[in-house]
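The values are calculated or read from the model by the stated rules, or taken from the named source; none is laboratory data. Keep in mind it's a predicted model, so treat the numbers as computed, not measured. For neighbour counting, all protein chains shown are included, and Cβ atoms are generated from backbone atoms with ideal geometry for every residue, glycine included.
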Amino acid sequence: MVLFRGEHSDELHGTLSRLFGPLEEHLLPETRVAEREELVDIKYYPDNGTVYIVDGVPRGGWLSWHSDLVYTDAINRGGILRPIRLPAKGGGMTGFIDQIAAYETLPDRLKARVEGLHVVYGMHLNAAHQRFGARHDGTLDHFAPSGAKIALREWQYPRVIHPLVFRQPETGRPVLNVSPYFALGIYEMGGPGGEALLSEVCDPLLDTSLAYFHDWQADDMVLWDNWRTLHCSTGVEPDDTRVM
C-alpha cells in the first residue's frame, strides 16, 4: 500500500487510478457516484447507515476483513480510498493485512494441505453471517436503506471460486488468497472437514499483530494491492458521519 498526502480531488483520484491500469465500474450500481461512475461512495450517516453491535458496542459502518469484489470472477487489482468527511468523534480507521506475510506464518503441514485448493465466495452484505475468521461477536442492528435494496438481490449473484493460494506474478511469492468475509467454503472439501480447514487458515491470516491500521487525515489517499492485502473498517459511533 502507498499513502499519498496532500490536496486531492475527484479528478486527481481518477487520474492517479488510471496510472495503474484501466478502471472498472463497481458491480453494485447503487454505490457509484452519479457524475463520476468510476468512483464509489462508502458512506455512513446516522439516518442512512448500517450499524452492527460489535462485542457489545454499536458501530456504524463497521466492515469485517475482506478483499474487494472477491465475489466476482475477476477480482480488481487495486483500489484508492480517500476521505470526503471524517467522523468528528474519531474512529473509522482502515486496517490492512499483508497476505504474503500471512502465508509465511503458516506451518509447513498447513501449506501442503491448502496447495491447489479453491475458496467459494458469494455476495452477501450482512457481515454477521460471516462463516470464517470472525474475530468479534457481531450482530446486525439495522441495515442502511441503500444497503437493504442491494441485499434484495444477493441470491441473484452467482457463486465464484478463487485459488486459496496463488503466486504473485511479479515475484513468484505465494499469497494466502482468502477473504474471510464473503467466503462460503472450500470447493474441493465440502462439509465439516473443509470448514475446519478454512477456519484453521483464517486464524493466522487475521493475526492483527501483522496489521496496519490507518488513522485518516483529511488530505489522505491510500492505494493498495487488492490481490495481496485484506482490509477492514473499525466503524464509527452511530451518531457520527463518515464518507469515503
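If a residue counts only when it is in contact with a strand residue (DSSP E or B) (Cβ under 8 Å, 6 or more places away or on another chain) and under 18 Å from residue 144 (Cβ atoms), which strands (runs of 3 or more DSSP E) contained entirely in segment 17-100 have at least 3 such residues?
Details: elements: 36-40, 51-54, 57-60, 63-66, 78-81, 94-98.
It comes to 51-54, 57-60, 63-66.
Do any strands (runs of 3 or more DSSP E) lying entirely in segment 147-244 carry at least 3 residues that are crowded, with 16+ Cβ neighbours inside 10 Å, and which ones are they? Passing ranges, in order: 160-163, 174-176, 183-186, 220-225, 229-233.
Would you confirm whether or not segment 133-141 contains a residue that is assigned to a strand (DSSP E or B), at pLDDT below 90, closer than 20 Å to residue 44 by Cβ and touching a helix residue (DSSP H, G or I) at 6+ places or on another chain (Cβ under 6 Å)? Checked segment 133-141: at least one residue is assigned to a strand (DSSP E or B), at pLDDT below 90, closer than 20 Å to residue 44 by Cβ and touching a helix residue (DSSP H, G or I) at 6+ places or on another chain (Cβ under 6 Å). In this structure, is residue 188 acidic (Asp, Glu) and touching a residue at least 12 places away in the same chain (Cβ under 8 Å)? Considered against the rule, which asks whether it is acidic (Asp, Glu) and touching a residue at least 12 places away in the same chain (Cβ under 8 Å), residue 188 comes out as yes. Would you point out the residue of segment 15-58, among those that are small (Gly, Ala, Ser) and surrounded by fewer than 17 Cβ atoms within 10 Å (Cβ to Cβ), that is modelled with the lowest pLDDT? Residue satisfying both the conditions and the ranking: 34.
Which of the residues belonging to segment 87-119 are within 28 Å of residue 26 (Cα to Cα), surrounded by fewer than 19 Cβ atoms within 10 Å (Cβ to Cβ) and among the hydrophobic types (A, V, I, L, M, F, W, C)? Once the filter is applied, which keeps residues that are within 28 Å of residue 26 (Cα to Cα), surrounded by fewer than 19 Cβ atoms within 10 Å (Cβ to Cβ) and among the hydrophobic types (A, V, I, L, M, F, W, C), segment 87-119 yields 93, 100, 117.
Pairs linking a residue in segment 47-61 that is farther than 18 Å from residue 94 by Cβ to a residue that is hydroxyl-bearing (Ser, Thr, Tyr) and part of a strand (DSSP E or B), with Cβ atoms under 6 Å and 6 or more positions apart or on different chains, are 53/139. Do any residues in segment 98-120 that are closer than 17 Å to residue 132 by Cα have Cβ atoms under 7 Å from those of residues that are surrounded by fewer than 19 Cβ atoms within 10 Å (Cβ to Cβ) and among the polar types (S, T, N, Q), where the two are at least six apart or on different chains, and which pairs are they? Filtered contacts from segment 98-120: no entries.
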